[in-house]
Amino acid sequence: RLIWSSSPDSRVRAVRGELRFDYPAKSGKQRVQRLADDDVRAVVLGLLRRKDDSPELLAYMDRGHWRDVRSDDVNAYLREIFGVEVTAKDFRTWHATVLMAVALAVSREVANSPGKRKRAIARAYREVADYLGNTPAVARGSYVDPRLIDLYDDGATVLPAMERAAAETDDESPYLHGTVERAVLRLLS
């Protein structure tokens, strides 16, 4: 069922325990993202039930009135809690770098020649770009830490950490985000 719309091209639907966001992203590219986290879903559904005329999804209550959350508000909050110059883009960049590290790690065994490595890198950029809703050129130029490519060419990836995580858990998703993030930090250090 349709539960929110900020424009004719933007909507969020509650479908079988998940939220589906359908919206135009940068450059007008239509994106569909799914969210299945129960806690986040509850917050979003609460925001969708608010009584105001704003087409914006994110808002907070201030002295009895809803106030829209803007990117400047998010970035100011991040600077306040971290005490350094940081923006939401830094989180997107970090996430893209982690995704790229995983994509390269799973290509290590098959990329045993310069040509195969080049194709594996191009495929990894396409996967990260698709996830971000960007082009591979934008992912390469703005989001993925370029040191990963040099490290990959030298044979260094996060694959050992991923394999250890898989061996240490019975979970069907063994690539625990924190484990991989720590491995990426060590790799880039």
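The values are calculated or read from the model by the stated rules, or taken from the named source; none is laboratory data. Because the structure is predicted, anything quoted here is derived from the model rather than measured. A quick note on method: Cβ atoms are made from the backbone with ideal geometry, for glycine too, and the neighbour counts reach across all protein chains shown. With ligands, DNA and RNA removed, areas are computed over all heavy atoms of the protein, side chains included. Shrake-Rupley method; radii C 1.70, N 1.55, O 1.52, S 1.80 Å.
To put it simply, the accessible area of the chain at a 1.4 Å probe is 52 percent carbon and sulfur.
Largest accessible area first, the listed residues THR97, THR135 line up as THR135, THR97 when surface is computed with a 1.4 Å probe on the assembled protein chains.
Around the amide H of LEU58, modelled in the peptide plane, lie the amide H atoms of VAL69, all under 5 Å away and 5 or more residues distant in sequence or on another chain.
Evaluate the charge dipole of the chain about its Cα centre and quote only its size in Debye, nearest 20, assuming +1 on the Cβ of each Lys and Arg and -1 on the Cβ of each Asp and Glu.
Numbers: 31 positive and 29 negative charges, 147 e Å.
About 700 debye.
Among the protein heavy atoms, those of LYS26 account for about 140 Å² of accessible surface (1.4 Å probe, every chain in place). Taking every C-alpha pair closer than 8 Å and separated by at least 6 residues, the mean separation divided by the residue count of the chain gives a relative contact order of 13 percent. A 1.4 Å probe over all protein chains sorts ARG117, ARG164 by accessible area into ARG164, ARG117, starting with the largest. Of ALA36, ALA156, ALA122, the residue with the greatest mean-square motion in the GNM of the chain, using alpha carbon springs below 10 Å, is ALA36. Work out the FRET efficiency for ASP37 and MET61 from their Cβ-Cβ distance, taking R0 = 22 Å, and round it to the nearest 0.05. The value I calculate is 0.50.
Mean Kyte-Doolittle of at least 0.5 and a Cα length of 24 Å or more along the axis: which whole DSSP H helices of the chain meet both? Walk me through the numbers before you get to the answer.
Values: long enough: 88-105 (26 Å, 0.68); 114-132 (27 Å, -0.93).
TM-like helix candidates: 88-105.
Taking R0 as 30 Å, what's the FRET efficiency between VAL69 and THR135 from their Cβ-Cβ distance, rounded to 0.05? Provide the component values of the computation, followed by the final result.
Working: r = 28 Å, r/R0 = 0.93.
In this case the efficiency is close to 0.60.
Taken about its Cα centre, segment 53-108 carries a charge dipole of roughly 340 debye when the Cβ of each Lys and Arg holds +1 and the Cβ of each Asp and Glu holds -1.
Within a straight-line Cα-Cα reach of under 23 Å, LYS29 can be paired with the following lysines, leaving aside sequence neighbours fewer than 8 residues apart in one chain: LYS89.
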